[in-house]
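I have placed the structure first, in the form of structure tokens, so that the comments after it can refer back to it.
The values are calculated or read from the model by the stated rules, or taken from the named source; none is laboratory data. Keep in mind that this is a model prediction, so the values were computed, not measured. Virtual Cβ from ideal backbone geometry, glycine too; neighbours counted across all protein chains shown.
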Amino acid sequence: MAFASSALLPVAPVSDNCMIELREIEKRYPTGDTETVVLRDVSFRIDAGEFVAIMGPSGSGKSTLMHILGLLDAPSHGTYLLEGTDVAALPEDERAAIRSRRIGFVFQAFNLLPRATVFRNVALPLVYAGMARRVRRAHIERALTAAGLPADRWQHRSNQLSGGQMQRVAIARALVNDPALLLADEPTGNLDTATGEVVLETFQRLHQEAHRTIVLITHEQYVAEHAQRILHIRDGAIREDIRNHAPRIARITSPHAHP
Ligand code: ADP
């Protein structure tokens, strides 16, 4: 019976686990009399729970792609489905609403408010979302714990922290709204190698234990090898899409890098 009924299933069932689907995305900029094509025919899917690195050299189009994935910019052509919603053609205010609820950003330069406390930095997305103060605390504590920042740092000002700790605060801020997607743009770019491991270990833990969907943009092969899948971008096009069956395991080695 099982054989008979399975024969009726579609040959290629559509995954209902799809987080991101890009179809034939193009981005062009006017330059003088002509146009520069920065992204060309970019199509791929990312399922919920994947940890994907988008890797390419400087100028290959990574930031442009990240801005489109993060709804910070719209493509010139093509379709972008985020959790099944066609977001490419939405007006900016609707894109902003989806962005603030569904996407958490981690940037190379941390982008923290230096004189505000850790707690305040992580609270800000909840403040913007209009969450009442009394319910914020539990969300903030959960995010800081998930990002691995010890509680004795939570009332410090962010400019009193080490680079690795600052990036943990930035990760907590990205997590606090419980986003569908974590987008990290060169998150280890401002850190020494040992501290970068701390950040990569955090992403690997969030992926493995909390089943977070993570897209990490990098120009470094070494960093990309920590992901489960590597998309290679060059001259604005995806050249390779590789399953990384043996990801590099991030290890915290230096006492200076810890936590
Ligand atoms: P990456 O992040 O991989 O370094 P970018 O996405 O920043 O690459 O840029 C890809 C290419 O697009 C570069 O050649 C860059 O000069 C060009 N580019 C980016 N933004 C613009 C723009 N606003 N106008 C014209 N060209 C741009």
Residues of the stretch 185-199 classified as buried (at least 22 other Cβ atoms within 10 Å of the Cβ) and more than 18 Å from residue 253 (Cα to Cα), total: 1
Selection count where residues are farther than 16 Å from residue 234 by Cβ and near the ligand (Cβ under 9 Å from one of its atoms), scope the stretch 16-27: 0
Residue 39 vs. criteria within 13 Å of the ligand (Cβ to nearest atom), surrounded by 22 or more Cβ atoms within 10 Å (Cβ to Cβ) and either of a type in the set (Lys, Arg) or in a strand (DSSP E or B) (or both): yes
Count of the stretch 241-257 residues which are crowded, with 16+ Cβ neighbours inside 10 Å and either of a type in the set (Phe, Trp, Tyr) or at pLDDT below 55 (or both): 1
Single residue of 49, 32 found to be surrounded by fewer than 21 Cβ atoms within 10 Å (Cβ to Cβ) and over 18 Å from the mean Cα position of the chain (by Cα): 32
Matching residues in the stretch 189-232 - criterion: being within 20 Å of residue 60 (Cα to Cα) and touching an Asp or Glu at 6+ places or on another chain (Cβ under 8 Å): 217, 218, 219, 229, 230, 231, 232
Residues of the stretch 43-66 that turn out to be part of a loop (DSSP other than H, G, I, E, B), within 16 Å of the ligand (Cβ to nearest atom) and either more than 12 Å from residue 230 (Cβ to Cβ) or among the aromatic types (Phe, Trp, Tyr) (or both), as a count: 5
